[in-house]
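Below: one structure in structure tokens.
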Ligand SMILES: CC(C)(COP(=O)(O)OP(=O)(O)OC[C@H]1O[C@@H](n2cnc3c(N)ncnc32)[C@H](O)[C@@H]1OP(=O)(O)O)[C@@H](O)C(=O)NCCC(=O)NCCS
């Protein structure tokens, strides 16, 4: 998907149904619509959405907490039908650049060790594994990998997309 085909912007209340639908399709213990509404109201949370330019469909979202000097990536997800077309990479790049602009020195996240698609995406963005939490996830049972991205890599390693 080229940059001309999607736009990134902050999530709005009108996006909540679509965000919750993508979330429910992606995760065994999904956040609810109410939980995402709380994120929109939280002063230090940033929820970004990727939207198709052709029909305004919501393609994916990312949720980050800005707590300088650190940021925490809580969620990133792409609608199943839109995967592997650069949506997740565009959202991650956007989120990392936002954290850097907010003065964060590093971005942290936890990811299930079996989630190799996400781990690859994070590694491409400059994240490195810095720890492991055994048994952190219960559905399905898995360890969490702790990953961090340092300020110098924030948003620069993933391909740039014109117009985003
Ligand atoms: C992880 C996820 C967000 C990636 O979204 P996406 O829009 O498909 O990602 P992109 O198309 O931008 O891919 C970027 C890079 O990630 C890696 N990647 C993503 N999906 C992959 C797959 N199925 N197989 C191998 N590598 C993959 C690749 O390095 C890819 O770059 P490439 O296509 O040039 O090889 C998506 O698979 C998803 O929503 N998964 C379910 C939710 C989830 O697990 N989120 C992470 C935990 S919060």
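The values are calculated or read from the model by the stated rules, or taken from the named source; none is laboratory data. Not measured: the values here are computed from a predicted model. FYI the Cβ positions are ideal-geometry reconstructions off the backbone, even for glycines, and counts take in every protein chain you see.
For residue 29, only one of the following conditions fails: (1) closer than 27 Å to residue 112 by Cα; (2) surrounded by fewer than 12 Cβ atoms within 10 Å (Cβ to Cβ); (3) more than 16 Å from the ligand (Cβ to nearest atom). What is its number?
Among (1) closer than 27 Å to residue 112 by Cα; (2) surrounded by fewer than 12 Cβ atoms within 10 Å (Cβ to Cβ); (3) more than 16 Å from the ligand (Cβ to nearest atom), the lone unmet condition for residue 29 is (3).
Within region 8-44, how many residues are in contact (Cβ under 8 Å) with a residue 40 or more places away in the chain and under 15 Å from the mean Cα position of the chain (by Cα)?
9
Got a number for residues in region 40-66 being surrounded by 14 or more Cβ atoms within 10 Å (Cβ to Cβ) and within 23 Å of residue 149 (Cβ to Cβ)?
Here the count works out to 14.
Looking at region 78-105 only, could you name the residues that are within 6 Å of the ligand (Cβ to nearest atom), assigned to a helix (DSSP H, G or I) and either in contact (Cβ under 8 Å) with a residue 40 or more places away in the chain or surrounded by fewer than 23 Cβ atoms within 10 Å (Cβ to Cβ) (or both)? Before you say what the answer is, go through the steps one by one.
Initially, region 78-105 is screened for residues within 6 Å of the ligand (Cβ to nearest atom), giving 78, 83-89.
Still in the running and assigned to a helix (DSSP H, G or I): 87-89.
Of everything in region 78-105, those that are within 6 Å of the ligand (Cβ to nearest atom), assigned to a helix (DSSP H, G or I) and either in contact (Cβ under 8 Å) with a residue 40 or more places away in the chain or surrounded by fewer than 23 Cβ atoms within 10 Å (Cβ to Cβ) (or both) turn out to be 87, 89.
Sticking with this structure for a sec: If only one of 157, 109 is more than 8 Å from the ligand (Cβ to nearest atom) and in contact (Cβ under 8 Å) with a residue 12 or more places away in the chain, which one is it?
Working: 109 fails: more than 8 Å from the ligand (Cβ to nearest atom).
Only one candidate qualifies: 157.
Among the candidates 71, 37, 41, single out the residue that is within 16 Å of the ligand (Cβ to nearest atom) and at pLDDT 95 or above.
Values: 37 fails: within 16 Å of the ligand (Cβ to nearest atom); 41 fails: within 16 Å of the ligand (Cβ to nearest atom).
Going through 71, 37, 41 in turn, the sole match is 71.
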